[in-house]
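Beneath this line is the structure, given in structure tokens, with notes to follow.
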Amino acid sequence: MFNLLGKNSSVTPRKDNKEAEKERLVNPQELLEAEKEYLKGVRKLRDLIAPSSFVVSSNYVQVGSIYARTLFVTTFPKYISPGWVEDIIDYPAEFDFAECFYPLDAGVILKQLKKKVGELEAQLMADAEKGAPRDPMREEALRNIEKLRDDITQGIEHFFQYGVYMTIYAKSKEELDILTDRIEGVFASKIVMTRRALFQTEQGYNSTLPVFTDELNIYQNLNTSPLAAGFPFVSAELTSDDGVLYGINRHNNSLIIFDRFSLQNANMVVLGPPGGGKSYAVKLEVLRQLMLGADLIIIDPEREYKTLSDAVGGTFINITVNSEAKINPFDLPRVRPEEIRTADVLRTAITTLKGLLKIMLGDLTVEETSILDRALIETYALKDITPATDLSQDLEYPTLSDLQQILESMEGTESMVERLKKYTEGTFSGFLNNPTNVDMNNQLIVFSVRDLEQELVPIAMYTIVNYIWNIVRSQLKKRILVIDEAWWMLENEYSASFLFALAKRGRKYYLGLTTISQNINDFLGSKYGQALVENSALRLLMPQTEASIDAVAETFKLTQSERYLLISSGVGEGIFFAGNKRAAIKIVASYTEDQLITTNPQELLEIEEAKKKFDEGKNLEMEIE
């Protein structure tokens, strides 16, 4: 048995519980000392996170092996732009950033402003009595102070003491000096003057810790408006529970997941120069929208979507003058009379056809336009299609040859007939003069117009879009229509007007329109191009050139930092707009997705060579067997 009391200890008689409790209460000092001894053996959170050493120098502190220095703001410019802290808090370095706000009594501020008004008015009166020239700066200062007094009195503005501190961290003293100079330069570019916390390094370090202490106490007196410009949380979150992954938020590395059909409209505009990653980004969205069950219809001027279409089992329709696939521009949507009146459908179809024929035939006089209007009505009547016809039934629609027949029977149509013959009897007779035989029963349908003559491309795109619009109105379904190189349609006022109307009306039929263009100045220079941007809730700006950035910045109201971001962005990077939110984005695809959607010629060539080798190896195995 161990003697826990020691050699010379003596055992005192045991006291009862009441007597021991009384003695404990009589000696609180002993109890306090005992508690202190107990707490020495308790480990708290601060013991776990505390550095192994803390060295305080005159211009930096060393926390363990890390060096730190604190900067504080001393002066703000007269005018400062909103979000001026964005470039600072997005700077690629480790730092702590703190802003301190202390409200001031309005009565004290009004008293000081009243005193300042008196001084300025006295100076202006003295100058006037002396016959001295007017001082515009004093007059402007007086007006500003008077306005500020009114705003404070009405409660529009409030006054605060405002402190801004920033503690920078580096692995060495040399790295800390370099980093400090660079960050001071970023502040100076905003005309915000800073100083280093010399001989207050410990106080500066403590002031930026997340413990809500301000030991520097260095402030500027500012009212609410300039304070709001320094709001530090400038990166937008564009992550929702539903939708597709568009890319990575370059501000904070979060995911940009969005459902375009959750906004006021599902339209999207994608702008960027050749090679910027426009088609890559759109094809990636197409692939991911397919997985969510949406139907995709694509107008492809450069045959870029063929690989993607083949991979997912889509329908690829190559439109040429003599191709088997035909689209009749006289087709009508198959709708029931109780849903839409046939008279309204006919009127819309005739208006659309007049726009198409004006593109095909060139400018028409007022008389020719009037004759064409009557001729189109009679052309439909030739096939017993009138305002009383039930469009939900199977009907035989007229063709361009039927229109030519009607025009030949009318006076004053000789010129139109001769121009129309090019599409009914001449070189392009196999283009639009046949009944429609295109099968639209697939989740992905791609119309390629690459092999058409250049003068036929706008006509083909107009006709295809009109045909798709008829399909959309015939059956309500979640669809996305992608028009690559949309500037083709904006070159002509009639097709541009039709495209704009489609963007406005598509929401009612669960249709999202995606327009892509590399001719940015032509796109934004068109009134319909501007209207398309305004009617698109989603916008994706890919890297821009110096030649296009001014037009883009004016249209999208970009800040100076956003302009610089677009100019300096790499392929697949840009700015993503969703409603009123925006964020810098980086398009990211998996390896498998990249193999299906890449537009890089070198990568496409490597993929083709790999396929050839695979096919050759497969054939060799079959021969051996």
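The values are calculated or read from the model by the stated rules, or taken from the named source; none is laboratory data. Please read these numbers as outputs of a predicted model, since none were measured by experiment. FYI the Cβ positions are ideal-geometry reconstructions off the backbone, even for glycines, and counts take in every protein chain you see.
Key figures for this structure:
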item	result
Number of the condition not met by ALA486 [criteria: (1) farther than 19 Å from ASN328 by Cα; (2) over 26 Å from the mean Cα position of the chain (by Cα); (3) aliphatic (A, V, I, L, M)]	(2)
Restricting the range 211-234 to residues that are loosely packed, with under 15 Cβ neighbours inside 10 Å and under 21 Å from PRO92 (Cα atoms), the residue that is nearest to the chain's Cα centre (by Cα)	PHE233
Test result for ASP394, outside any strand (DSSP E or B), more than 28 Å from LEU490 (Cα to Cα), in contact with a helix residue (DSSP H, G or I) (Cβ under 9 Å, 6 or more places away or on another chain) and in the same structural domain as ALA375 (by TED's automatic domain parsing)	no
Residues (more than 45 Å from the chain's Cα centre (by Cα) and either farther than 12 Å from LEU332 by Cβ or of a type in the set (Lys, Arg) (or both)) located in the range 388-400	ALA388
Members of the range 63-90 that are of a type in the set (Ser, Thr, Tyr) and out of contact with any helix residue (DSSP H, G or I) (no Cβ under 6 Å at 6 or more places or on another chain)	SER65, THR74, THR75, TYR79, SER81
Neighbours by Cβ (under 8 Å, 6+ apart or cross-chain): first from the range 199-218, within 18 Å of SER57 (Cβ to Cβ); second basic (Lys, Arg)	THR201/ARG69; GLY204/ARG69
Number of the condition not met by LYS358 [criteria: (1) surrounded by fewer than 13 Cβ atoms within 10 Å (Cβ to Cβ); (2) in contact (Cβ under 8 Å) with a residue 60 or more places away in the chain]	(1)
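So that you can scan it fast, the table gives a plain yes or no per residue for (1) in contact with a His (Cβ under 7 Å, 6 or more places away or on another chain); (2) at pLDDT below 85:
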{"residue": "SER569", "(1), (2)": "no, no"}
{"residue": "GLY572", "(1), (2)": "no, no"}
{"residue": "ASN580", "(1), (2)": "no, yes"}
{"residue": "ALA583", "(1), (2)": "yes, no"}
{"residue": "LYS586", "(1), (2)": "no, no"}
{"residue": "TYR591", "(1), (2)": "no, no"}
{"residue": "THR599", "(1), (2)": "no, yes"}
{"residue": "ILE607", "(1), (2)": "no, yes"}
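Yes or no, residue by residue, for (1) of a type outside the set (Ser, Thr, Tyr); (2) modelled with pLDDT of 90 or more; (3) surrounded by 21 or more Cβ atoms within 10 Å (Cβ to Cβ):
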residue: SER392; (1), (2), (3): no, no, no
residue: GLN405; (1), (2), (3): yes, yes, no
residue: ARG419; (1), (2), (3): yes, yes, no
residue: THR436; (1), (2), (3): no, yes, no
residue: ASP439; (1), (2), (3): yes, no, no
residue: ILE464; (1), (2), (3): yes, yes, yes
